[in-house]
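Here is the structure we will look at, set down as structure tokens.
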Amino acid sequence: MDESRTCFLCHDRIADNARNVATYDCGHVVHLHCALQRASQHHTRCSQCSSDGAVTPDLGQDRQVALAASTSLAVRRRQLNPPASMGFWKRVFRYLSPFVPAPQTFRDHVYNKTSLDRLQRIGFTHRDALHENITWNALSTRYTPTDLLLFGFTWDDMVSMGVTTKHLQQFTWPQLRHSLHLDARKLLSTDLTLSELSDLKLNAHQLAELGFTWDTLMAMGADVHTLKSLQLTFEDIKLLWNPPAGQLHKCGFYDRRRLQKAGWDVEALTHQLPTLERNNGRVLRLAF
């Protein structure tokens, strides 16, 4: 066997066209997953050379390939060797014992605040959280939205784990729109109310980009009070949705008393609202 093309860590041959390899500064070449596995044990020097030299491995230019190879190996190892299930009394003893047990399950690691990066390296994925019925609240109180998204959680995962608008407030607009691919349809599938929608602090243009139409807002119970809680101006409403006068009337925009109670600028609306012609031919204005 050609020792120059043999991985001295696992003693298997390295294919001539192998892509996933790591090269130490000293020139020794090993399998990439072998180097990563050895590095996870805090051994980064070439074991074939003197420990005095700084011969750390070069994992190649494609770091994503390196990390993916390491993660895939760890996940596969956990799938082949799942932890043994514990009986009821063993679980009771585990949680009542004064000694802190070594974390084994995804839930154990979450409550021990193990970083998601570390969880990924040892073979856990977002599917483990779903399998163990971890709630989104348990994760959101321990990890940042950025870390959770990088770990692989999707909108469907979050819904099944009980995500609420309170949790969504922690996300930035780009994360909501471009990472979670959120839209009005997905939000409405969670029985979202206008009050909850207002908690997200989205502006009028963001609501329109998500796909909220005027008919949708009306179906959710939009009126002069709830629309004011959404921080919408009448200029926004006219520009983005331009509802007909009849729908504005249903929302209470021609009721001076309701407008004043909701905090609208009545004098400004006097000049902005279109005239409303009733069936009897009578024309209604706000100033009427």
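The values are calculated or read from the model by the stated rules, or taken from the named source; none is laboratory data. This one's a predicted model, so the numbers in the text were calculated from it and none came from an experiment. Here Cβ is always computed from backbone atoms with ideal geometry, including for glycine, and neighbour counts include all displayed protein chains.
Details
- Residue match in region 178-201 (condition: more than 25 Å from THR154 (Cβ to Cβ) and in a loop (DSSP other than H, G, I, E, B)): no
- Region 116-139 residues that are at positive phi, paired with ones that are modelled with pLDDT under 95 and in a helix (DSSP H, G or I) (beta carbon under 6 Å, 6 or more apart): GLY123/ALA74; GLY123/VAL75; GLY123/ARG77; GLY123/ARG78
- Qualifying residue in region 222-242 (condition: touching a residue at least 24 places away in the same chain (Cβ under 8 Å), outside any helix (DSSP H, G or I) and among the charged types (D, E, K, R)): yes
- Test: residue in region 148-164 that is closer than 26 Å to LYS228 by Cβ and either outside the structural domain of GLN231 (by TED's automatic domain parsing) or part of a helix (DSSP H, G or I) (or both): yes
- For region 243-254, residues that are part of a loop (DSSP other than H, G, I, E, B) and surrounded by fewer than 16 Cβ atoms within 10 Å (Cβ to Cβ) total 1.
- Test: residue in region 25-39 that is in contact with a Ser or Thr (Cβ under 9 Å, 6 or more places away or on another chain), surrounded by 14 or more Cβ atoms within 10 Å (Cβ to Cβ), farther than 19 Å from GLY123 by Cβ and at pLDDT below 75: yes
- Checked against the criterion of being modelled with pLDDT of 95 or more, β-branched (Val, Ile, Thr) and not assigned by TED's automatic domain parsing to the domain that holds GLY162, the candidates THR190, THR216, THR270, THR233 yield just one match: THR216.
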